[in-house]
Amino acid sequence: MIEQFRPMTNSVRWVKPTSIHLTVRFLGDTKEQLVPELGGLLSEVASAHPSASVVADRVGGFPNLRRPSVIWVGPGGPVIAVTEIARAVELKVRELGFEEERKSFKPHLTLGRVRRGQQIGDLADELVSFQPESFRIELDRLVLFKSTLTPSGPIYERLAESKLKTAG
């Protein structure tokens, strides 16, 4: 999809395919000394939840597709298993002192970010009517990433990782 949309505008910073991930909770600036505890809570949540899969079958935008700041692909229907994992992570990080997430959880894979102050022109019309070929997203692990923002996009470093229980 990125390669299909890329030629339509220079106003979007497209995500590198190797950096695409589903965020269950963004933590923001975090004290380094919390990393071991965060790794432990990932392990605790992962051991209590089975792996899951969702079908990505729609393109969306935040706040909307007509004037997006973020272009994404994700599931159009209910995603109970993923929502339960995100809720468990949310409750655990709040125990560590993180403030409550104000936005409701919406599972998605970010494809691109519209450059500040830019319009995406014809791409917006294309996105509104675009029907992607559906594909399955297998969720088999929780990863704590450190992201370092650079002019060419974020660089992600894995700090902790825990596999979800095998489904079944």
Qualifying residue in region 94-109 (condition: at pLDDT 95 or above, under 17 Å from residue 4 (Cβ atoms) and under 18 Å from the mean Cα position of the chain (by Cα)):
yes
**Asked** Do we have residue 58 as under 21 Å from residue 43 (Cβ atoms) and touching a residue at least 12 places away in the same chain (Cβ under 8 Å) here?
**Response** no
Check: Does at least one position in region 144-155 carry a residue that is among the aromatic types (Phe, Trp, Tyr) and under 15 Å from the mean Cα position of the chain (by Cα)?
Finding: yes
Here the qualifying pairs (Cβ atoms under 7 Å; residues six or more apart or on different chains; first in region 65-82 and within 14 Å of residue 2 (Cα to Cα); second at pLDDT below 90) come out as none
For region 55-100, the count of residues that are in contact with a His (Cβ under 9 Å, 6 or more places away or on another chain) and either over 18 Å from residue 162 (Cβ atoms) or of a type in the set (A, V, I, L, M, F, W, C) (or both) equals 11
For residue 33, the lone unmet condition from (1) loosely packed, with under 15 Cβ neighbours inside 10 Å; (2) among the polar types (S, T, N, Q); (3) touching a residue at least 24 places away in the same chain (Cβ under 8 Å); (4) farther than 22 Å from residue 2 by Cβ is (3)
Review point. Taking the stated definitions as given, is residue 157 over 18 Å from residue 25 (Cβ atoms), touching a Phe, Trp or Tyr at 6+ places or on another chain (Cβ under 9 Å) and either part of a loop (DSSP other than H, G, I, E, B) or of a type in the set (D, E, K, R) (or both)?
Key: no
Residue count, region 130-145, condition acidic (Asp, Glu) and surrounded by 15 or more Cβ atoms within 10 Å (Cβ to Cβ), comes to 0
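One line per residue, one yes/no per condition, for (1) under 19 Å from the mean Cα position of the chain (by Cα); (2) more than 16 Å from residue 132 (Cβ to Cβ); (3) not aliphatic (A, V, I, L, M):
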position: 2; (1), (2), (3): yes, no, no
position: 5; (1), (2), (3): no, no, yes
position: 9; (1), (2), (3): no, yes, yes
position: 14; (1), (2), (3): yes, no, yes
position: 18; (1), (2), (3): yes, yes, yes
position: 21; (1), (2), (3): yes, yes, yes
position: 32; (1), (2), (3): no, yes, yes
position: 36; (1), (2), (3): no, yes, yes
position: 44; (1), (2), (3): no, yes, yes
Q: Please tell me if residue 100 is touching a helix residue (DSSP H, G or I) at 6+ places or on another chain (Cβ under 7 Å) and loosely packed, with under 15 Cβ neighbours inside 10 Å.
A: yes
- Message: Going residue by residue through region 103-114, is there one that turns out to be loosely packed, with under 14 Cβ neighbours inside 10 Å, charged (D, E, K, R) and closer than 14 Å to residue 21 by Cβ?
- Response: no
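The values are calculated or read from the model by the stated rules, or taken from the named source; none is laboratory data. The shown structure was predicted, so the numbers you read here are calculated from the model rather than taken from an experiment. Every residue, glycine as well, gets a Cβ built from its backbone with ideal geometry; the counts of neighbours run over all protein chains shown.
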